[in-house]
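Throughout, read-outs are computed from the coordinates displayed, never taken from laboratory work. Since we're looking at a predicted model, the values are computed, not measured. For neighbour counting, all protein chains shown are included, and Cβ atoms are generated from backbone atoms with ideal geometry for every residue, glycine included.
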Amino acid sequence: MFGYITPLIPELKVRDKELYQSYYCGLCRALGKYGLGSKLSLTYDATFAAILLSAVTDSEPEFTPHACVIHPGRGKTPMVKHDGIMDFCAAVCVLLARYKLLDDAQDGRPVRKAALPIIARGIKRAESKYPEVAKVLREGLDMFNGLETSKDCDPDDAPLLFGGILGNLLAAYPGLDSSSKPLIKELGSKLGGYVYIIDDWDDVVEDKKRGSYNIFTLSHFDNPRETCAALLDMYINSAVLAYDLMDIKVNKPLLDNIMYMGLGYRAAEVINKGRKQDKESSTEEVIK
């Protein structure tokens, strides 16, 4: 469930594109504190969380030049310094990766579970440093597993539950003041619903083959593609409403791009993916 909350790069100014890359690189470096293997859990969605939390807490990013060993040709580029926000988002990355790997194994990809020892050190450290985050994930995903086991066909339950988990995760950042938490939780819950739905549509063909839980295979929609588009529009619009109520002073142009353009573009890209693959059967035929 990663990689869906991204900016629309062609519409970014050069400085905002570099700012996004600086957060991404900074988060990668922060993950190194949780063990080298933990860098594999780096996601665009967690990068967005770091940018958002910086904005909500009015934390101007500080930069440091950094040479990436994976991309040596770039030379030294700006990277957001390791701080409380980056460390928190890195810990969330690691803890989410654990449950993602376990979920993949349960969905018929047992090899994924073999990667757990690679991030075991990071998981232990993240749980120790942020027990509230670990608790939110443990309790929320236990409820989620119960829902999937029950094969409940209500298309609203799973996105709402996953959204609640993401909202609680963002609100668990220790640097948030109490007045900021309700809107952060609301925005996170709507983005979580968006991520869940778009991920289910993206994986619907493979989930159907494996018999995995997917709201588009368990629910009998007359037009699954239109239903998916309508649900995504609803969650995007609700997320934007919450975002518009926030007093954003830091990273605003970048966040505006993600919220007003990136979410919709990514949704359209995934929804229309099947239409561009003429050699493959249509998604609607596969899931009916």
What distance in nm lies between label points placed 7 Å from Cα along the C-beta direction at Arg15 and Ala67? 2.9
Neighbour-count ranking for Cys25, Cys68 (other C-beta within 10 angstrom, fewest to most) reads Cys68, Cys25
For Leu8 and Ser59 in the same chain, what is the full-extension length gain: residue separation times 0.36 nm, less their Cα-Cα distance, in nm? 16.0 nm
Highest GNM mean-square fluctuation among Asp87, Asp202, Asp244, for the chain with Cα springs under 10 Å, belongs to Asp244
Once phi is turned into ³J(HN,Hα) by the Karplus curve 6.51 cos²θ - 1.76 cosθ + 1.60 with θ = phi - 60°, what whole-Hz value does each residue of segment 136-142 show in order, with x for glycine and proline? 4, 5, 4, 5, x, 6, 5
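Ratio to report: Rg/Rh of the chain, with Cα atoms as the point set and Rh obtained by the Kirkwood method; give two decimals.
0.96
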Tabulate in residue order the Karplus-calculated ³J(HN,Hα) for segment 233-245, using 6.51 cos²θ - 1.76 cosθ + 1.60 with θ = phi - 60°, rounded to whole Hz; enter x for Gly and Pro. 4, 4, 5, 5, 4, 5, 5, 5, 4, 5, 4, 5, 7
With R₀ set to 22 angstrom, the calculated FRET efficiency between the beta-carbons of Asp156 and Asp244, to the nearest 0.05, is 0.40
Taking only DSSP H segments of four or more residues, each worth -39500 (n - 2.57), what value at 222 nm results for the chain once the sum is divided by all its residues, to the nearest 500 deg cm²/dmol? -19000 deg cm²/dmol
For the residue pair Leu40 and Asn272, what label-to-label distance in nm results when each label sits 7 Å from Cα along the Cα-to-beta-carbon direction? 3.5
Long pairs among Lys100/Lys185; Lys13/Lys190; Lys17/Lys208; Lys190/Lys273; Lys76/Lys135; Lys39/Lys135, criterion Cα-Cα beyond 31 Å: Lys17/Lys208; Lys76/Lys135
